[in-house]
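Peer 1: What follows is a single structure, and I will ask about it in a moment.
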Amino acid sequence: MRLSVLFAAVLLLVQTANVFAQKPLTVFAASSLSEAMMQIGAAFEAEAGTPVTVSVAGTGTLARQIEAGAPADVFVSADAIWMDYLVDRSAVQPETRETIASNRLVLIGPEDAPDFDYLNEGIAARLKDGRLAMADPETVPAGRYGREALKTLGLWEDVESRLAPMENVRVALASAARGDTPLALVYATDAAIEPDVRVLAVLPAESHPVIEYPAALTLSAGHPQAEAFLAFLKGPEAAKILRSLSFLTDKGS
């Protein structure tokens, strides 16, 4: 009788483990990480056998969803500010936080856009009757970085009234690719995956705060593979994927 009870208990544990192994692990990630996180999720699934569901959107949108109790296991932000926001609200586990990558800012135009010297010619002159597409500088990390860069370079006053603020950086990228706007300010990694735009200028790194992508477990992380995924995200295979998509990492070349 006792052996039967013990066997039943072991069987239940095995069945429970199998259920959790098949339950998707949920990752909330900044929109600029779309391709990277899909590839990293697939690589982790191949190694660990755990499916990964990636939800991408503007960092601020995701942070507020996590604050409201959205069932995410891992959060990857496009800046430190929104991660700090969740730390202050006890919505992520601060001891698990680590920066996994960084990025650069570029000015882009449609594929056939001619070269121009943005510092001497000025951005406003190139815009003519059009607008500069960029992520919303009030709420979106890419927009905040862009505003700081343009202020540092003495260009902000000329373009502040000529902005087309977007809900995230990928919408700004699409605007330039379609030719809806003559210029857009996006991450270098965004420009690298869009064949219908060309990079017209790389903004100096010293013109804005370091663009960093911190990752952390959420406070409500309940998936048994959440810690393993975060470790994978910080590891060499994920870094290789990030570098292949033009992100900068500190884990080799």
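The values are calculated or read from the model by the stated rules, or taken from the named source; none is laboratory data. As the structure is a prediction and not an experimental result, all values here were calculated from the model. Cβ atoms come from the backbone with ideal geometry, glycine included; neighbour counts cover every protein chain shown. To get the accessible areas, we keep the full protein, side chains included, count just its heavy atoms, and leave off ligands, DNA and RNA. Shrake-Rupley method; radii C 1.70, N 1.55, O 1.52, S 1.80 Å.
Peer 1: Would you work out which of SER90, THR61, HIS208 lies farthest towards the positive end of the dipole of the chain? Charges go on Cβ: Lys and Arg +1, Asp and Glu -1.
Peer 2: SER90
Peer 1: Considering Cα pairs under 8 angstrom that are at least six residues apart, work out the relative contact order of the chain and quote it in whole percent.
Peer 2: Values: 473 pairs, mean separation 69.5, N = 253.
Here the relative contact order equals 27 percent.
Peer 1: Rounded to the nearest percent, how much of the accessible area of the chain (1.4 Å probe, protein heavy atoms only) is carbon and sulfur?
Peer 2: For the chain, the apolar C and S fraction of the accessible surface comes to 54 percent.
Peer 1: Another question about this same structure. If you roll a 1.4 Å probe over the heavy atoms of the protein chains, what accessible area per residue do you get for the chain, in Å²? Could the numbers behind the result be given before it?
Peer 2: Details: 11950 Å² over 253 residues.
Result: 47 Å² of accessible area for each residue.
Peer 1: Order 158-167, 58-67 from most to least packed using the mean count of other Cβ atoms within 10 Å.
Peer 2: Going by the mean number of other Cβ atoms within 10 Å, highest first, we get 58-67, 158-167.
Peer 1: Would you kindly state how much longer the chain becomes between ASP88 and SER161 on full extension, computed as 0.36 nm times their sequence separation minus their alpha carbon distance, in nm to one decimal?
Peer 2: Numbers: separation 73, 0.36 × 73 = 26.28 nm, distance 3.35 nm.
That pair, ASP88 and SER161, stretches by 22.9 nm at full extension.
Peer 1: Follow-up question, since we're still on this one. Only Lys, Arg, Asp and Glu count, each charged at its Cβ (+1, +1, -1, -1), so figure out the dipole size of the chain about its Cα centre, rounded to 20 debye.
Peer 2: 700
Peer 1: Name the shape class, rounded, prolate or oblate, that the alpha-carbon gyration tensor gives for segment 205-253, where a ≥ b ≥ c are the square roots of its eigenvalues, rounded holds for a/c under 1.5, and otherwise prolate holds if a/b is larger than b/c and oblate otherwise. Write down the numbers at each step before the final one.
Peer 2: Working: a/c = 3.60, a/b = 1.56, b/c = 2.30.
Oblate, because a/c is 1.5 or more while a/b does not exceed b/c.
Peer 1: Below 8 Å between Cα atoms, with a sequence gap of 6+, how large is the relative contact order for segment 119-253 in percent?
Peer 2: Details: 156 pairs, mean separation 30.5, N = 135.
That works out to 23 percent.
Peer 1: Now for a separate question. What is segment 94-180's relative contact order, in percent, from Cα pairs under 8 angstrom and six or more apart in sequence?
Peer 2: Relative contact order here is 35 percent.
Peer 1: Work out which helices of the chain, taken as complete DSSP H runs, extend at least 15 Å along their axis over the Cα atoms and score a mean Kyte-Doolittle of 1.6 or more, then list them.
Peer 2: The answer is none, since no helix passes both cut-offs.
Peer 1: Rounded to the nearest 500 deg cm²/dmol, what is the calculated helix-only ellipticity per residue at 222 nm for the chain, with -39500 (n - 2.57) per DSSP H run of length n ≥ 4? Display every interim value, and only then the final one.
Peer 2: Values: 12 runs with 111 residues, N = 253.
One gets -12500 deg cm²/dmol as the mean residue ellipticity at 222 nm.
Peer 1: Determine the gain in length on full extension of the stretch THR152-ASP112; use 0.36 nm per residue of separation and subtract their C-alpha separation, reporting nm with one decimal.
Peer 2: Net length gain for the segment: 11.6 nm.
Peer 1: Just to be sure I understand the model, the point goes 7 Å from the Cα along the line to the Cβ. What's the resulting GLU45 to ALA125 distance in nm?
Peer 2: Between GLU45 and ALA125, the simple spin-label model gives 5.1 nm.
Peer 1: Let me ask something else. Specify whether the C-alpha gyration tensor of segment 16-115 places it in the rounded, prolate or oblate class, a ≥ b ≥ c being the square roots of the eigenvalues: rounded for a/c under 1.5, otherwise prolate if a/b is larger than b/c and oblate if not. Don't skip to the end; give the middle numbers.
Peer 2: On the way: a/c = 2.41, a/b = 1.39, b/c = 1.73.
Note, shape of segment 16-115 comes out oblate.
Peer 1: In addition: Using 0.36 nm per residue, how much length does the chain from SER220 to ALA192 gain when fully extended, once their Cα-Cα distance is taken away?
Peer 2: 6.6 nm
Peer 1: Something else about it: With Cα extents along the principal axes in Å as the read-out, I listed (i) 52, 37, 37; (ii) 86, 34, 31; (iii) 51, 42, 40; which label goes with the value calculated from this structure?
Peer 2: Label (ii) holds the value from this structure.
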